[in-house]
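Okay, structure first, notes after.
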Amino acid sequence: MKITGKDRAFFHLLLAPGMLLLIVFAYLPMVGIVIAFQEFNPTKGFIYSEWVGLEHVRFLFELPDTLQTVRNTVEISLMKIAAGLIVPIAFALLLNEARIVWFKRTVQSLVYLPHFLSWVILGGILVDVLSINGGAFNQALSWFGIQPIFFFGDEGWFRFMLIATDVWKEFGFSTIVYLAALTGINPALYEAASIDGASRWQRTIYITIPGILPVVVLMSTLSLGNVLNAGFDQIFNLYNPMVIGTSDIIDTYIYRMGLIQAQYGLATAIGLLKSLIGFALIVTSYRLAYRYANYRIF
Amino acid sequence: MRIRLHRLQAFDILNYVVLAAVSLLCLVPIWHIAMVSLSGEGPANQYIVGLVPIEFSLSNYATVLRLDKFWDAFGMSAARVALGGLVNFLLTVMMAYPLSKETSYFKSRNVYIWALVFTMLFSGGLIPAYMIINELHLIDTIWALVLPGAVPVFNVILMINFMRQLPKELEEACLVDGASQWAIMTRIYVPLSLPVIATVTLFSVVGHWNAWFDGLIYMNQTEKYPLQTYLHVVLASRNLVNADENSVMASLTDRSAISTQIILASLPILVVYPFLQRFFIHGIVMGSVKE
């Protein structure tokens with residue numbers, strides 16, 4: 001089939017508004033990265049601000065906070081990735097064993113819910129429920145004789161709560177892909193195994209788990225691209241000065257340094273390093289996903 | 001055999017109990033806050049409300065719904081959802097249709113695709129993005145909340161993948177009949193893609209409702225905050241304003257008022273939730289279908 005000049009013009013016309021918006025709001029900011037090499041002054045703009053070369057990058061490596069935030073970011077996100085893989089898989093396997101249809105439906109409706117609420121709302125709810133001054137969870141713990149715990153004020157607990165509440169919000173939604181994979185397993189395999197006398201546990205180990213393994217590999221490789229995203233929305237809505245030492249991540253650091261303290265050059269330099277490493281991570285994760293799980297975005 | 005059957009049943013019972021407990025864990029915190037919002041101010045502030053309201057009253061809702069600040073924020077959120085949802089919807093269809101064509105048919109396709117995908121891989125970061133909005137004088141306007149995310153790249157890719165697996169014969173038959181590309185798009189592809197269009201539009205509407213950070217940085221005037229940003233600011237200040245109990249801020253940040261505002265801000269999501277649930281599973285499965 002041949003494309004006519006009119007059709008081609010029509011296609012370009014359809015794409016033009018979106019492309020223009022991408023140029024202004026995605027590509028221009030990439031050019032704006034030059035701020036990282038300037039003593040940026042908003043009144044002078046991108047071109048006339050004083051150039052300082054790699055001064056900001058050099059200074060960055062001298063700040064003790066930088067290393068700490070990078071370490072926090074990687075530690076928190078790796079723990080979230082691990083928990084975010086294990087819990088949904090386990091939950092999908094358990095849900096797959098349940099046979100009552102209305103029960104399964106109800107469970108799914110309930111566990112997907114937190115995914116759709118913002119961290120502002122969930123932060124508000126969690127801070128109340130887990131509060132040390134009369135919070136419902138601490139009241140429940142006291143029935144078992146456990147002293148109230150300062151979940152969001154104790155550095156050790158706070159880290160754990162970041163992982164736990166992130167899993168709480170997302171595990172339900174994450175089970176969807178595994179449940180889809182489970183329905184794709186050929187039922188004849190289970191029947192054959194049952195006839196051969198395989199127990200439920202053996203069927204799980206030898207049929208179910210190998211059956212969903214490709215999806216597990218895919219989700220693990222794709223999650224690699226998020227190692228530098230430890231969850232800005234969550235941490236920004238939950239953290240406080242008491243726990244900032246172990247919960248300050250790259251994104252919160254950039255926000256405070258850039259938009260609160262107006263250290264534009266320094267904050268952009270951190271952002272640039274993050275974007276560069278993030279780029280390498282995403283490209284690697286897509287390549288691994290393509291190689292080991294035959295995944296393409298197109 | 002008998003013993004084995006018995007063990008299986010024990011596992012089933014345990015499994016149902018675990019599943020029920022985990023599900024309740026997702027609901028109970030939200031439920032608890034809803035019950036606090038429906039209780040009298042006394043019981044709420046004494047932390048004695050559990051899973052049923054004590055001294056049931058709707059007066060907290062009456063109080064919050066009389067606040068101008070709350071309605072300003074609600075109006076801003078409604079406006080960004082309507083405008084942002086519309087812009088996202090139009091741009092998704094407009095970009096996905098031509099990009100769903102074969103490269104042999106539409107040669108520039110690859111260039112556009114790469115331009116699109118690259119924005120997912122690399123970004124200028126927070127500060128340059130802020131400076132661009134500032135330079136364009138979009139601060140304190142609704143466009144600052146709508147335009148930066150106007151092209152929902154992920155949704156466009158979902159749509160492209162869906163349109164590509166529609167039968168090619170449809171388009172060929174139309175071309176033989178002399179239909180224009182405009183007619184093929186609006187009369188064949190858009191109607192056939194309606195389930196995916198509904199899904200991705202619902203996604204972007206929910207995204208717009210839930211967005212709060214852009215409001216925080218792009219809006220200097222607090223009366224232009226969208227609801228989630230407003231709620232974020234109220235929540236962030238709740239520990240700081242115990243000093244003056246008669247101030248406006250103190251009346252916004254007592255436990256009853258906070259719980260009520262949390263529930264009101266989640267209400268639209270809870271209302272569309274049944275539709276979301278019906279659509280999103282299809283959406284995820286459809287997006288993953290590739291040839």
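The values are calculated or read from the model by the stated rules, or taken from the named source; none is laboratory data. Remember, it's a predicted structure, so these values are computed and weren't measured experimentally. For neighbour counting, all protein chains shown are included, and Cβ atoms are generated from backbone atoms with ideal geometry for every residue, glycine included.
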- State yes or no: is B:V153 surrounded by fewer than 23 Cβ atoms within 10 Å (Cβ to Cβ), in contact with a Ser or Thr (Cβ under 8 Å, 6 or more places away or on another chain) and over 16 Å from B:F213 (Cα atoms)? yes
- If we keep just the residues of the range A:1-40 that are surrounded by 16 or more Cβ atoms within 10 Å (Cβ to Cβ) and among the small types (G, A, S), which is nearest to the chain's Cα centre (by Cα)? A:A26
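Residue by residue, here is whether (1) facing chain B (nearest Cβ under 8 Å); (2) in contact (Cβ under 8 Å) with a residue 12 or more places away in the chain; (3) assigned to a helix (DSSP H, G or I) holds:
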site	(1), (2), (3)
A:H12	yes, no, yes
A:L22	yes, no, yes
A:M30	yes, no, yes
A:I33	yes, yes, yes
A:V57	no, yes, yes
A:F91	yes, yes, yes
A:R105	no, no, yes
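Looking only at the range A:41-55, filter to residues that are facing chain B (nearest Cβ under 8 Å) and on the phi < 0 side of the Ramachandran plot; which one of those is surrounded by the fewest Cβ atoms within 10 Å (Cβ to Cβ)? Step through it out loud before you land on a result.
Residues of the range A:41-55 facing chain B (nearest Cβ under 8 Å): A:42, A:45-46.
Next, only the ones that are on the phi < 0 side of the Ramachandran plot stay: A:42, A:46.
Values: A:P42: 14, A:F46: 18.
Here the residue is A:P42.
For residues in the range B:92-106 being under 22 Å from the mean Cα position of the chain (by Cα) and more than 7 Å from every other protein chain (Cβ to nearest Cβ), which is nearest to A:A26 (Cα to Cα)?
In the first step, residues of the range B:92-106 are kept if they are under 22 Å from the mean Cα position of the chain (by Cα); the result is B:92-96.
Applying the additional criterion that residues be more than 7 Å from every other protein chain (Cβ to nearest Cβ) yields B:92-93, B:96.
Values: B:T92: 16, B:V93: 20, B:A96: 18 Å.
Selected residue: B:T92.
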- Item | Enumeration of residues in the range B:107-152 that are of a type in the set (V, I, T) and either closer than 25 Å to A:I47 by Cα or facing chain A (nearest Cβ under 8 Å) (or both) | B:I113, B:V117, B:T119, B:I127, B:I132, B:I133, B:I139, B:V151
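For the range A:175-190, enumerate the residues that are away from every other protein chain (no Cβ under 11 Å) and either under 18 Å from A:H115 (Cα atoms) or hydrophobic (A, V, I, L, M, F, W, C) (or both).
Within the range A:175-190, A:Y178, A:L182, A:I185, A:A188, A:L189 qualify.
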- Checked A:G145, A:G156 against criteria (on the phi > 0 side of the Ramachandran plot and either more than 10 Å from chain B (Cβ to nearest Cβ) or buried (at least 16 other Cβ atoms within 10 Å of the Cβ) (or both)); the one match is A:G145
- Message: Could you check the range B:47-64 and list, in sequence order, the residues that are of a type in the set (A, V, I, L, M, F, W, C), touching a residue at least 12 places away in the same chain (Cβ under 8 Å) and part of a helix (DSSP H, G or I)?
- Response: B:V64
- Task: Mind counting the residues in the range A:176-203 that are buried (at least 16 other Cβ atoms within 10 Å of the Cβ) and in a loop (DSSP other than H, G, I, E, B)?
- Result: 1
- For A:N226, state whether it is crowded, with 16+ Cβ neighbours inside 10 Å, at pLDDT 90 or above and touching a His at 6+ places or on another chain (Cβ under 9 Å). no
- Going through (1) touching an Asp or Glu at 6+ places or on another chain (Cβ under 8 Å); (2) of a type outside the set (S, T, Y); (3) not in a helix (DSSP H, G or I) one by one, B:I139 fails only at (1)
- Do any residues in the range B:213-232 that are under 14 Å from B:I139 (Cα atoms) have Cβ atoms under 9 Å from those of residues that are aromatic (F, W, Y) and not in a helix (DSSP H, G or I), where the two are at least six apart or on different chains, and which pairs are they? B:G215/B:Y225; B:L216/B:Y225; B:M219/B:Y225; B:Y225/B:W212; B:P226/B:W212
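Any residue at all in the range B:166-177 that's within 8 Å of another protein chain (Cβ to nearest Cβ) and either modelled with pLDDT under 95 or surrounded by fewer than 17 Cβ atoms within 10 Å (Cβ to Cβ) (or both)? Before you say what the answer is, go through the steps one by one.
Of the residues in the range B:166-177, the ones within 8 Å of another protein chain (Cβ to nearest Cβ) are B:172, B:175.
Next cut, either modelled with pLDDT under 95 or surrounded by fewer than 17 Cβ atoms within 10 Å (Cβ to Cβ) (or both) only: B:172, B:175.
Scanning the range B:166-177, I find at least one residue that is within 8 Å of another protein chain (Cβ to nearest Cβ) and either modelled with pLDDT under 95 or surrounded by fewer than 17 Cβ atoms within 10 Å (Cβ to Cβ) (or both), so the answer is yes.
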- Which residues, counting only those in the range A:231-251, are charged (D, E, K, R) and within 12 Å of chain B (Cβ to nearest Cβ)? A:D233, A:D251
